[in-house]
Amino acid sequence: MDALAKKLGQRLKAAGELLVTAESCTGGWIAQAVTSVAGSSEWFERGFVTYSNAAKQDLLGVKQSTLKKHGAVSEETAREMAQGALARGKGTLALAVTGVAGPGGGSREKPVGLVCFAWAGKRETRTETKHFSGDRESVRRQSVIHALEGVLKALDGR
């Protein structure tokens, strides 16, 4: 993960991009991973940890109607989280993660390990859903890695 964060930092800096994060199930782990890299202030702008629905609404502007219709763990919510982080921060690229890390909280429709992601730039937002296996820490670790890899993909598309 450290090597991935370092590579990401090099790519963001070279591209003149500033990353902002919006995290739910990862609880700030993505921000911790990127800020563990020396010099990250040159390419990391801020991180939002919005674990509750109220925090998602208050800090990121996620609509109550989105949460009611699709739930906190949905691509629609992840999209609004990423777009809200981009709008409320000074970054140029945002990522968002929301999911069910477990061991409880899952359902038939949204089982433990289901994680939704979004990556937003000024022109487009991409979303994706993954289902990871393992315990809580494993699901969260896999989510952090996938989120960071998604930023690299977003940079490749620019």
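The values are calculated or read from the model by the stated rules, or taken from the named source; none is laboratory data. Just so we're clear, the structure is a prediction, and the values are computed from it rather than from any experiment. Cβ sites come from the backbone with ideal geometry, for glycine too, and all protein chains shown count toward neighbours. Note: areas computed on protein heavy atoms with side chains; ligands, DNA, RNA excluded. Shrake-Rupley method; radii C 1.70, N 1.55, O 1.52, S 1.80 Å.
Quick rundown of the values:
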| read-out | value |
| --- | --- |
| In nm, spacing of pseudo-spin labels at R88 and E109 (7 Å Cα→C-beta vector) | 2.5 nm |
| With all protein chains modelled, accessible area of H70 [1.4 Å, Å²] | 60 Å² |
| Dipole magnitude of the chain, debye to nearest 20 (Cβ charges: Lys/Arg +1, Asp/Glu -1, about Cα centre) | 240 debye |
| Solvent exposure of segment 1-125 as accessible area per residue, Å², 1.4 Å probe | 47 Å² |
| Cα centre as origin, Lys/Arg/Asp/Glu Cβ charges: segment 63-145 dipole, Debye | 260 debye |
| Approximate spin-label separation I145-A38, in nm, with each point projected 7 Å along Cα-to-Cβ | 2.6 nm |
| Size of charge dipole - segment 30-101 - debye, nearest 20, with Cβ of Lys, Arg +1 and Asp, Glu -1, no other charges | 220 debye |
| With every protein chain in place, segment 106-158: carbon and sulfur % of accessible area (1.4 Å) | 45 percent |
| Accessible surface of D2 - all protein chains present, 1.4 Å probe, nearest 10 Å² | 110 Å² |
| Nonlocal amide H pairs with V49, under 5 Å, H built at 1.01 Å | E23 |
| For segment 15-158, fraction of C-alpha pairs farther apart than 24 Å, in % | 23 percent |
| Structure-based [θ]222 nm, the chain - -39500 (n - 2.57) summed over DSSP H runs of at least 4, per residue, nearest 500 | -14000 deg cm²/dmol |
| Of K13/K68; K56/K153; K6/K110; K63/K153, pairs whose Cα-Cα distance is over 30 Å | K13/K68; K6/K110 |
| The chain: relative contact order in percent, alpha carbon pairs under 8 Å with at least 6 residues between | 24 percent |
